[in-house]
1. What FRET efficiency would be calculated for the residue pair residue A:49, residue A:324, taking the C-beta separation as r and a Förster radius of 60 Å, to the nearest 0.05?
2. For chain A, compute the number of Lys pairs whose alpha carbons are separated by less than 26 Å, excluding pairs fewer than 8 positions apart on the same chain.
3. Using the basic label-point model (7 angstrom from Cα toward the beta carbon), what is the residue A:346 to residue B:234 distance in nanometres?
4. Which FRET efficiency value, to the nearest 0.05, do you get for residue A:335 and residue A:186 by plugging their Cβ-Cβ distance into 1/(1 + (r/R0)^6) with R0 = 30 Å?
5. Once the convex hull of the C-alpha atoms of segment B:162-275 is built, how many Å³ does it hold per residue, rounded to a whole number?
6. Give me the number: length gained by fully extending residue B:60 to residue B:30, i.e. 0.36 nm times residue separation minus the C-alpha to C-alpha distance, one decimal in nm.
7. How high is the relative contact order of chain A, in percent, counting Cα pairs under 8 Å that sit 6 or more residues apart?
8. Percent of Cα-Cα pairs per 20 Å bin, from 0 to the last occupied bin, for chain B, please list those.
Amino acid sequence: MIFPGPLEYLLTTAVAFLVAVATTPLFRAVARRYGILDHPVLPRKIHARSVPYLGGMAFLTAYLAVLVESIWRRPELIAPVHYPLAALGTVIILLGLADDIFDLSGIVKLLVELAVGGLLYYWAVGEQGLAKPLHAIVDLGPFAPAIAALWVAGVMNAINFTDGLDGLAAGLVAIASAMLLVVGIINQQPATCLVMATLLGSCLGFLVYNFHPASIFMGDAGALFLGFMLGGATLVEQQKGAAVVALLVPVITIALPIADTLLSFLRRLRRAREGQFFHPDREHLHHRLLALGLNQRRAVLTMYLFSFFMGLLAILAGVLPGRLKPAVPFAAAAFTAAAVLWLHRLEQRQRSKEQASATIRIDDPNIPA
Amino acid sequence: MIITWAITGLLFLLFNLLWWPAEYRRLAADPERFPEQAKVLLQSGKREEALRMLEEGLSRFHPPAPDPWNAYAGLIRGPAKIQASLRAGWLSWRMNRGGADQLLELSRKACGAWPCCAGAPEANETTAGLARCWQLALGLPENFSFSLRDLAALAWLTGGRVSCDGMIGATGFRTDRLLAVWSPGADARAGVLIALGSTVYTDTRRGMHVALLTPGLDQPTPTFYCFDFWNGEETAREFSRILKSAPTGTIGIFAVTQDSRLNFSDSAEQCLAEFGIPVEAWENGHLVSFGLRHAFCAIGARGAPAGTAMAAWSPHTWRGTPGHPVSCMVYPEHSP
């Protein structure tokens with residue numbers, strides 16, 4: 001297959017950007033008209049006023065528009081995985097909308113996500129090779145569909161968990177997709193490139209309305225859709241016509257949401273005995289940055305910066321020769337662990353300060369016993 | 001929720017209305033759809049163009065389904081027509097899981113229609129080994145027996161290459177011994193078989209199996225290798241190193257089972273090409289290099305011009321139809 005040039009994907013990004021910019025206000029108006037709003041009633045909600053949902057519809061519209069534009073004008077960009085992503089992405093949007101409106105239970109959502117991930121595997125992937133992080137391939141055999149489903153559902157939840165501050169999830173996905181687009185262009189992976197260019201364009205277009213102070217939220221529909229596209233498109237890496245599951249580069253690219261999900265999973269395991277496993281909390285990384293005193297904009301920009309750095313590492317992992325490749329995941333893991341520990345230390349320092357000031361207040365002779 | 005679901009549904013419906021006309025147009029132009037395209041050409045009276053399209057499609061895709069071969073047989077005359085009809089018969093047999101006797105009858109018919117078959121020698125170990133491979137792959141009863149003639153006819157029927165004058169294809173190199181190679185593709189039960197005279201090498205390990213016969217020795221001892229390309233780029237480097245170090249005239253015999261082509265580097269491809277082996281195949285509308293789960297076997301010689309070696313392949317799947325095992329044989333008539 002002849003690989004289309006980078007300019008083609010720049011055009012795709014532009015189309016997706018324009019569609020997202022044009023349609024987001026329409027969906028915002030629909031959400032306002034029908035009262036589909038996110039009310040700041042729960043303690044984990046950061047925003048102060050009701051904000052319309054349905055931003056996720058703009059992502060779906062942008063992807064469908066890009067596919068239509070491509071198949072009519074530039075059919076060489078279309079790969080067999082693109083239609084299954086559109087069809088199953090629509091199912092994910094329906095699931096997300098139901099969750100936005102009725103607040104579905106976590107287990108129901110997870111089961112649907114796993115089912116959609118498995119369906120995507122059978123419909124569009126169908127290979128059994130997994131590229132090992134240390135650069136070789138293992139034959140997954142019958143475990144391939146389960147691993148594919150877990151990966152897709154995992155990425156969906158990781159993106160969903162980061163959707164807690166204005167512009168955070170869309171920005172992180174924009175950075176990750178930009179990096180994966182670069183890797184895709186270098187490695188000549190047309191299927192991934194079209195999806196990543198679309199995600200990049202639609203996220204940038206959506207950020208026009210979603211960056212702080214946001215006038216619309218993507219909701220679960222948007223976050224799950226972005227996660228599905230990111231997970232689904234990275235599931236298949238086409239090299240020399242061979243399809244294998246190659247997760248190293250995407251794992252590094254979205255290390256931040258993955259780390260947040262892992263930490264959340266550990267917290268939930270601790271709470272599982274009280275039957276609270278599927279209950280959300282206010283201890284995600286963005287919540288913790290806010291608790292340290294950062295404002296929304298700075299917390300979001302800090303996380304962008306971290307993701308950008310991880311993206312650069314991912315590009316390195318994508319282009320380095322086989323022998324040097326193993327160094328990259330270790331560097332990424334070490335950097336992520338260091339960042340989490342640094343955050344933990346800052347929190348401890350802040351707690352000590354707070355305790356010290358509380359002790360001083362108690363010792364104050366002016367305070368009555 | 002009804003409103004939002006209705007909007008999403010309408011959006012997807014609109015997308016489908018715009019997508020499918022273009023997708024059908026795209027699929028109609030897909031080279032893999034050559035039987036349908038040839039049919040349209042034939043209906044509009046363009047017989048020669050239809051014939052060309054079928055010839056090109058058959059050689060490009062090696063379709064493991066009978067219809068394209070039947071269509072081709074309907075347009076030609078002479079020995080090629082008989083071969084195409086017999087090949088369609090084999091593929092029908094395989095798709096319908098016919099009986100062992102029917103297969104034997106088919107291979108005997110092929111043997112009768114193909115002059116090379118008569119000169120096939122008898123070589124007990126090779127015959128037994130090859131027969132065992134076919135039995136396993138085709139699910140034939142264990143007591144079913146083939147002669148080497150039947151096996152040569154079966155190789156010919158299944159799109160393999162058989163040479164009965166000792167010449168290794170059009171490489172310009174020849175052998176005075178029986179050489180046979182068999183590849184099952186994705187089916188790992190039988191593994192590969194490489195036979196050199198009475199020396200038979202079978203292996204069920206996945207990978208590309210290679211036997212190298214150094215020229216200039218009276219009784220050259222083959223060296224066997226197994227390269228599992230799933231293991232990474234290092235394997236491709238080792239493969240290239242060994243093939244490049246072979247002197248000109250070295251006969252190389254290659255067979256694949258369950259291999260990965262991901263790490264099959266351009267340099268490794270080039271090494272195969274230096275044995276005269278064509279290294280390109282079509283799959284899902286794209287030009288790809290050999291490997292992965294294709295059935296692929298070849299007999300070539302180092303230094304032969306590209307594309308002159310004896311090579312046979314069948315795709316992993318072609319439009320949902322699984323490929324079939326392939327075999328190549330070369331023998332000087334009545335060789336021991």
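Laboratory data are not the source of any read-out in this text; all were calculated from the coordinates shown. Computed from a predicted model, the values in this text were never measured in an experiment. Virtual Cβ from ideal backbone geometry, glycine too; neighbours counted across all protein chains shown.
1. Step by step, r from the Cβ atoms, then E = 0.75.
2. Summing the qualifying lysine pairs gives 4.
3. 4.2
4. 0.85
5. Dividing the Cα hull volume of segment B:162-275 by its residues yields 102 Å³.
6. So the extension gain works out to 9.5 nm.
7. The normalised contact order for chain A reaches 23 percent.
8. 30, 53, 14, 3, 0
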